[in-house]
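First the structure, in the form of structure tokens, and then the observations on it.
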């Protein structure tokens, strides 16, 4: 076999493994612009090199030549799209279709910088069938609570958000969305002022307004007042 052909094949294989390796280490969080450019550069270096190598190794303009040139392009496109999906996937574990839709809608509406911070802070957003009696004691003076942010570690801020399926029944989507945005704001503020309870509480009401959840926040506050014991 020709030395040039062997070198070309080995080059394509090595760059292909590098591209797949880069995809496998893509973190499950919103990437910065710099990280995204670096990630896709690796993928498309592989594509360009592979297509050029195939172009130079095959003589003539045959259909077979263009077919093999198309393969690395499709592979590069596929892993780029998969990497984008992986990097933007929120940490949500919810089975209920309605709650899943509302939660993901609120998540993707957040600014990118907020999503990046929350992906390092919120370990998981989980659905629970209902609150325990101990939970309910902590929620007074409210009769119901859609969701709750609870901390596991204060510094760096780490915790979970639980969403009560039973307390969400009968509530409008905007009320649930406002409640989720409120808890996101509490979790986000903890990354900046982990031991300032007053600042965290204020952020729960003010930050969702900055994130363009004005209608949801208004309906959530109205429902919260109505739920007071």
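Sub-6 Å Cβ pairs linking a first residue in the range 28-56 that is free of Cβ contacts under 8 Å to residues at least 60 places away in the same chain to a second residue that is surrounded by fewer than 16 Cβ atoms within 10 Å (Cβ to Cβ), at least 6 apart or interchain, are 47/73, ordered by first then second residue.
Just need a number here: residues in the range 99-128 that are touching a residue at least 40 places away in the same chain (Cβ under 8 Å) and over 13 Å from the mean Cα position of the chain (by Cα). So the count comes out to 2.
For the range 215-229, which residues satisfy the criterion of being in a helix (DSSP H, G or I) and exposed (fewer than 12 other Cβ atoms within 10 Å of the Cβ)? Within the range 215-229, 215, 225, 226 meet the criteria. Can you tell me which residues in the range 172-203 are within 22 Å of the chain's Cα centre (by Cα) and either on the phi > 0 side of the Ramachandran plot or modelled with pLDDT under 95 (or both)? Within the range 172-203, 190, 191, 192 qualify. Selection of the range 171-195 for residues being out of contact with any strand residue (DSSP E or B) (no Cβ under 6 Å at 6 or more places or on another chain) and either part of a helix (DSSP H, G or I) or surrounded by 22 or more Cβ atoms within 10 Å (Cβ to Cβ) (or both) yields 173, 174, 175, 176, 177, 178, 181, 182, 184, 185, 188, 189.
The values are calculated or read from the model by the stated rules, or taken from the named source; none is laboratory data. In this text the structure is predicted, and so the values were computed from the model without any measurement. Glycine also receives a Cβ, built like all others from the backbone with ideal geometry; neighbour counts cover every protein chain displayed.
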